[in-house]
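Asker: Sending over a structure as structure tokens; questions will come in a sec.
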Protein chains: 2
Amino acid sequence: MGVFDIVTQFGRMLENLDAWLDKGAAHAKEKGFSPEVFVQSRLAPDQYALVQQVQSACDAAKYAAAYLSGQTAPSHPDTETTLADLKARIATCVAYLKGFKAADFTGAEERRVAPPWMGGQSVRGETYVHRISVPNFYFHVTTAYAILRHNGVELGKKDYLGPS
Amino acid sequence: MGVFDIVTQFGRMLENLDAWLDKGAAHAKEKGFSPEVFVQSRLAPDQYALVQQVQSACDAAKYAAAYLSGQTAPSHPDTETTLADLKARIATCVAYLKGFKAADFTGAEERRVAPPWMGGQSVRGETYVHRISVPNFYFHVTTAYAILRHNGVELGKKDYLGPS
């Protein structure tokens, strides 16, 4: 059940992220600036902008689900340029995650995972999910949240955690 | 094994956070400003400063370990005012987490958890850990990272994930 719960939670957090983007768009409208400003906003000049934070959060979730179930991840090219594009990317990823059942992750903890960037090396599924997927996923969603928050969007803990 | 792995990973991330504070102090020294400036730095005027992000990350980890093992969490008063204080707080929390063994979390997923802020309500341990502890913990460590990064500290993915 562990990995399925984690993948389910990734989907829930991506739905929360989608709602933060809506709040960002509403804030921009209220203040009279283009909501697309957020897409390229970042916290440091050499850190990913919002667009890449959202893409990376989606990918962290997608690859966790794919690798840990032994599937090949679908390709989602990084072509987004607007908030609407990012919302569509999130929706695509959430739909993919919702296609999984608990049984798809049977034995996932013991499965060897070999992402291409490991250059032929592999790690146990349990190590991959706890030490790589979860921290990376939350890094990108929290940084997306921080970019919006830093730029004046009124977000709080209830937005972060989502509906209970 | 699931909850023990998560608590172990919390300890690992807190050790990474400790190293980010060291990098922050080194950066301040190099630039000739007081490292204590970071303690009260924040990304938005109505968001927690670094001091509270670190305290909250420690507490998220401490309460997860305590609640899910059926123990009473030790009190760690929020009295920190310097980076050295924050490093001591992290060390105290990491030492507490290291006192747990996998067997302490036997049945943790099914255990009912009733944090005081839930006002008498309770949730299953598995729900608590995946939907509350993990997102809150990573929220606070990532926001601490973002505060340092936003203020010029050179941190990257290897710092975030820590030694493999």
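Asker: Which of B:126, B:110, B:30 moves the most in a Gaussian network model of chain B with Cα springs under 10 Å?
Answerer: It is B:30.
Asker: Which peptide among B:4-12, B:140-148 comes first, and what is the full order, when sorted by highest mean count of other Cβ atoms within 10 Å?
Answerer: Details: B:4-12: 21.2, B:140-148: 25.4.
Highest to lowest by the protection proxy: B:140-148, B:4-12.
Asker: Also, I was wondering about something else. For chain B, what % of the accessible area comes from carbon and sulfur atoms, probe 1.4 Å? It would help to have the intermediate numbers written out before the result.
Answerer: Values: 3870 of 7230 Å².
The computed percentage sits at 54.
Asker: Quick one: net charge of residue B:97's neighbours, Cβ under 15 Å, K/R +1, D/E -1? Can you show the working numbers first?
Answerer: Details: positive: B:12, B:62, B:89, B:98, B:101; negative: B:5, B:15, B:18, B:59, B:104.
It works out to a net charge of 0.
Asker: Next up: Over chain A, with a Gaussian network built from C-alpha contacts below 10 Å, which listed residue (A:43, A:14, A:86) shows the highest mean-square fluctuation?
Answerer: Looking only at A:43, A:14, A:86, the largest GNM fluctuation is found for A:43.
Asker: Still on this structure: So, counting K/R as plus one and D/E as minus one, what does the shell of residues with Cβ under 15 Å around residue B:127 add up to?
Answerer: Working: positive: A:12, B:111, B:112, B:124, B:131; negative: A:5, B:109, B:110, B:126.
In short, +1.
Asker: Here's another thing I want to ask about it. Could you derive backbone 3J(HN,Hα) for the range B:65-79 from the dihedral phi with the Karplus parameters 6.51, -1.76 and 1.60 (θ = phi - 60°), listing whole Hz in sequence and x where the residue is Gly or Pro?
Answerer: These are the phi-based 3J(HN,Hα) values: 5, 5, 4, 7, 9, x, 9, 8, 5, x, 7, 10, x, 7, 10 Hz.
Asker: Same structure again: Take residue A:30 and residue A:101, extend 7 Å from each Cα along the Cα→Cβ direction, and tell me the distance between the two endpoints in nm.
Answerer: 4.4
Asker: Put a point 7 Å out from Cα along the line to Cβ at residue B:71; what are the distances to that point in the other copies, in nm, shortest first?
Answerer: Copy-to-copy label distances at residue B:71, shortest first: 3.9 nm.
Asker: Helix A:134-150 versus the longest principal axis of chain A: what angle, 0 to 90°, nearest 10, using Cα atoms?
Answerer: Orientation of helix A:134-150: about 0 degrees from the principal axis.
Asker: Hey, another quick one. Given label points at 7 Å from Cα along Cα→Cβ, what nm distances, shortest first, separate residue B:34 from the same residue in every other copy?
Answerer: Result, one decimal in nm: 4.3.
Asker: Of A:100, A:139, A:33, which has the largest mean-square fluctuation in a 10 Å C-alpha GNM of chain A?
Answerer: A:33
Asker: Buried accessible area for the A:B pair, summed, 1.4 Å probe, in Å² rounded to 100? Don't skip to the answer; put the middle values down first.
Answerer: Numbers: alone 8590 and 8600 Å², together 14440 Å².
So the buried area, both faces added, is about 2700 Å².
Asker: Around residue B:164, under 10 Å between beta carbons, what's the net of Lys plus Arg minus Asp minus Glu among the other residues? Provide the component values of the computation, followed by the final result.
Answerer: Numbers: positive: A:131, B:158; negative: none.
With Lys, Arg at +1 and Asp, Glu at -1, the neighbours total +2.
Asker: Which whole-number percent is the relative contact order of the range B:66-164 (Cα, under 8 Å, 6+ apart)? List each step's numbers first, then the result.
Answerer: Details: 46 pairs, mean separation 19.5, N = 99.
Relative contact order of the range B:66-164: 20 percent.
The values are calculated or read from the model by the stated rules, or taken from the named source; none is laboratory data. None of the values given here were measured: they were computed from a predicted structure. Here Cβ is always computed from backbone atoms with ideal geometry, including for glycine, and neighbour counts include all displayed protein chains. Ligands, DNA and RNA are excluded from the accessible area calculation, which covers all protein heavy atoms including side chains. Shrake-Rupley method; radii C 1.70, N 1.55, O 1.52, S 1.80 Å.
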